[in-house]
Amino acid sequence: MELVRQPTVGSTSRPNSLPPLPRLISGSDAAVELGEICNRLPGQPIRRSKLAYSGRAQWTQRSRRGGSRPPTDLFRCLDPGLADSKQHLRSVSGLYGGTPRGERQNQALGEARSRKPTASTSTLRAVQAAYGAGSRASSPRNSEVPRAVEIGADAEEKAEARMKQELADMKTGDDAVAFFTRHGRNTDVKLIYCVRQSQSVSAKSHLAVSPYDLMVVTEDHIAKGSEHFTITPNGVVHVMPGELSECTPLAEWVHQTMTYRVLIAIPFFKHYPQRKVLATWSENARHATYCRRRSRLARQCFFSRPTLAGPILRAKELASQVGQSQFFQLPDQCCRLDDFHDAVQTNLFHPDQGMQKELEQVRDALVTTMEDLVTSVSRGSQMLLQPSRGNSRKKGLAQDKQEAKERARKEQLQQEDENSLKNCIRLTDCMLQANLAAAASRAAEELQLRVGGGPSDHKRKMFFVSADLGDQPGEVSLNPSQRTFEKVFDDIYQELIRAAEAVPPVACARPLQLWAEENSYRGQLSGQVLAVDRRWLCYIDSTKSALMAQLREAEHFAREMYEPYRRVQDYWHSWNEAQFARKSHSFESLSNQVSLVVDMQDDLSKFRAQRSAGVVVIEGRDLRDRLMPVPETVLGVVCPLLASTARERCRSTCRRLDHLNKELDERPKESLALQALAKAVEVASDEETTLQAAMDEVQAAHRVLRKQGNRIPLDDQVLLDTLAAKLQEFSNESLPAAKGYLAQHQREMQTKPGVDVVISLEMPMESFFEEH
């Protein structure tokens, strides 16, 4: 039978020891061991055995008769049936010397039950798992760990030997904690000294040293007043000279150790020291690099030298004025493209107030500043060449060395200043050229923002564009055209570059040419800088593309607005006043001409003269001024012809009415005359509608003439009134009377026998008008 051995946790006499191990899960194993005890042979001594149960660890007690009796709490770990059976209780108690069954047994059971464990089962399980104490129970339930019973005659001797072996093998603090965890106070060793593990030991094991890694030492190896640890069954005491000692219970110490080792196994915490060291090294290395560069910059920077700092700052200020200058002023009002181009040229190249004049003045100021710098440096070198006026005999050796050192330092600084003059001149020239390029680029940017603003931006009108109708239908031309705009803007950009390049480099000045030639510096013109400037190229492309898009939009708007007036232009191109006057016109044709011209005049009254498309304003005043006189000119020719035609029609109609009235007023008696009268009545009846229509046409012509503002002559008005009176006389008097006379005569003739009346009328009205 295999016995599972568990370490003793504490003594029964000390309630402050570590908590007991968990009780047995099942009492079968304990019952077997107890059966071996009960079935011993007569006279055979009972071996002192170590029992594991739910309470504290107990050794079997010897009775007064020489035998051993088991503790009363032993039965708690047995089978419940065995514990409840009085017969088994009597048999077992008899084997250990007849333990009374009365008050002693009840008192032992009460004391065992009244004892309270000092720690939970889970705490001890964690401790045992940490130090590998004992083995796991064979029961499928792992909630409790069974305690084994060690039985044998030499158990005590083996335990003592094993304890000595454990003390001999004890090397680290973990071994000491495990030792007190197993034995508690059931050992003669009550105190173990430890110190922190050294780095050399950790290096051999290739593991990092932790605050919980301790080494077991003797008391003699601990220096007086040094840091050390003491491990006891109650806990771990950290002794630090000059500070209060800190005591940590064993369970808490084990918990902290396990937590630290779990955390140190995580890559973040495991490699944190290395990363921190690397970060610290990187920061220090960067700081050292920064210090070296700062010292190098202090030696080479112009602003760190008193002689060069002032002129360089002055040169920078003057160059900044060039960069902030405005090459040309954009117009606030809309203007023609030619006027804008002329204004740009005037702003750039005016001999007195142009931008080129101002740039040349700034360049002259820069040259003067550099000349002053060269003079200042030369004066310093001359001062160093002069010998010292002091008496060298009165000076000490140390003072001579100090002055020599100071003089050498000044000579070195002077030499560095002279060497830096070339770079100063070059830097000034670069600042000038860079600011010239920046000023030109800023002018291009302002033009781009004005022309190609966003859709939500309010674009101020900038250019007038005249619209005109082309020769083909749907063709509308703009003046100036897109090609003209593109050419003018290219010229403007070239003029900006030419104005910037007109300023010569500073190094080309006569007083500074020596330094420039020695340094073999030729400079870089602003045009070369702008040729590779992405912003400059982007501004140019963006401005051109936006302007071309706006011109295409303006052309579309012009076609939409002015294409309906193409018929007026075509009519005017086909109009010939002399030829029109020579032709014979009817009243209807002249009325149609007047209506057509009046419609064109109404359309021209709705003519829209302007419309904007971005910065482009479509101007249609020229087209309107050219088309507006067309209706007036045509009406000036057609209206007199219409008036004369109406006058002639009125006269001819009056003559026809006079002739008809004369024929209808006759009262013949003869048959031939009656036949002629009947024929005249028939013709008059047919012409009544035509005569009325002629009068309506004359009245309509007068209305048209009045509508166009023409005054009707008094003779024409009297003639029209006469026509109206004669027509009324014809319709109401002459024609009805003639018809009545013929009807009466026909009735009279019909009353006479043998007489037939035949009336025929063959003379048409048109032939009458032709004759008269």
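The values are calculated or read from the model by the stated rules, or taken from the named source; none is laboratory data. Keep in mind that what you see is a predicted model, and the values were worked out from it rather than measured. FYI the Cβ positions are ideal-geometry reconstructions off the backbone, even for glycines, and counts take in every protein chain you see. Please note that ligands, DNA and RNA were not included when accessible areas were found on the heavy atoms of the full protein model with its side chains. Shrake-Rupley method; radii C 1.70, N 1.55, O 1.52, S 1.80 Å.
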inquiry  = If you count only protein heavy atoms and use a 1.4 Å probe, how large is the accessible surface of LEU167, to the nearest 10 Å²?
reply    = 60
remark   = Yeah, the range 249-383 with a ≥ b ≥ c from its alpha-carbon gyration tensor (a/c under 1.5 is rounded, else prolate when a/b outruns b/c, oblate otherwise) is oblate
request  = Given a cut-off of 28 Å, name the pairs among LYS357/LYS487; LYS171/LYS270; LYS158/LYS190; LYS164/LYS270 whose C-alpha atoms lie farther apart than that in the structure shown.
outcome  = LYS164/LYS270
request  = Provide the net charge surrounding ALA693, with neighbours chosen by a C-beta distance below 12 Å and charges set as Lys +1, Arg +1, Asp -1, Glu -1.
outcome  = -4
note = Stretched fully, the stretch from ARG407 through LEU330 gains (0.36 nm per residue minus C-alpha distance, one decimal, in nm) 21.8 nm
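Sort 173-182, 593-602 by the packing proxy (mean of other Cβ within 10 Å over each peptide's residues), most packed first. Show your work: numbers first, answer last.
On the way: 173-182: 22.9, 593-602: 16.4.
Peptide ranking by packing, descending: 173-182, 593-602.
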message = Run the numbers for GLN494 and ARG261: contour at 0.36 nm per residue of separation, minus the present Cα-Cα distance, in nm.
response = 76.2 nm
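Using only the heavy atoms of the protein chains and a 1.4 Å probe, how would ARG651, ARG294 rank by accessible area, largest first?
Putting ARG651, ARG294 in descending order of accessible area: ARG294, ARG651.
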query = Can you list the residues of the range 615-659 with backbone N under 17 Å from a point 7 Å past the Cα of TYR571, pointing along Cα to Cβ?
reply = 624-642
key: Reach of LYS316 by Cα under 13 Å, taken over aspartates and glutamates that are not fewer than 8 positions away in the same chain   = ASP429
note = Surrounding charge for GLN728, neighbours by C-beta under 13 angstrom, Lys/Arg +1, Asp/Glu -1, total -3
task = Please identify which residues in the range 674-708 have an amide N closer than 19 Å to a label point set 7 Å out from the Cα of SER595, following the Cα→Cβ vector.
result = 693-708
task = Report TRP572's accessible area, 1.4 Å probe, all protein chains in place, as a number in Å² to the nearest 10.
result = 100
key: Count, lysine Cα pairs under 27 Å in the range 567-722, 8 or more residues apart or across chains   = 4
task = Tell me the label-point distance for the pair GLU371, GLN513, using the 7 Å Cα-to-Cβ offset, in nm and rounded to one decimal.
result = 1.5
note = Listed by chain and number, the aspartates and glutamates with an alpha carbon less than 20 angstrom from that of LYS224, same-chain partners under 8 positions apart left out, are GLU243, GLU246
remark   = Rounded to the nearest 0.05, FRET efficiency between VAL718 and GLN750 (Cβ-Cβ, R0 56 Å) equals 0.75
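As a test of reading the structure, rank ILE264, ILE540 by solvent-accessible area (1.4 Å probe, protein chains only), most first.
ILE264, ILE540
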note = Distance in nm between MET628 and GLN472 label points, each 7 Å along Cα→Cβ, equals 3.2
ask   = Could you give the length gained on full extension between VAL237 and ARG162, defined as 0.36 nm per residue of separation minus the Cα-Cα distance, in nm?
value = 24.4 nm
key: Estimated FRET transfer efficiency (GLU416, SER378; beta-carbon r; R0 22 Å; 0.05)   = 0.90
query = Looking at the square roots a ≥ b ≥ c of the eigenvalues of the Cα gyration tensor of the range 170-310, which shape do they give, rounded for a/c under 1.5, prolate if a/b is larger than b/c, or oblate?
reply = prolate
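Ordering TYR571, TYR260, TYR562 from largest to smallest accessible area (1.4 angstrom probe), what's the sequence? Provide the component values of the computation, followed by the final result.
Details: TYR571 35, TYR260 70, TYR562 0 Å².
If we order TYR571, TYR260, TYR562 from most to least accessible, we get TYR260, TYR571, TYR562.
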task = Provide the solvent-accessible area of CYS639, counting protein heavy atoms only and rolling a 1.4 Å probe, rounded to the nearest 10 Å².
result = 10
inquiry  = Modelling each spin label as a point 7 Å along the Cα-to-Cβ direction, I'd like the GLU588/ARG299 distance in nm, to one decimal.
reply    = 11.2
query = Between ARG703 and LEU604, what is the FRET efficiency for a Förster distance of 25 Å, r being their Cβ-Cβ separation, to the nearest 0.05?
reply = 0.65
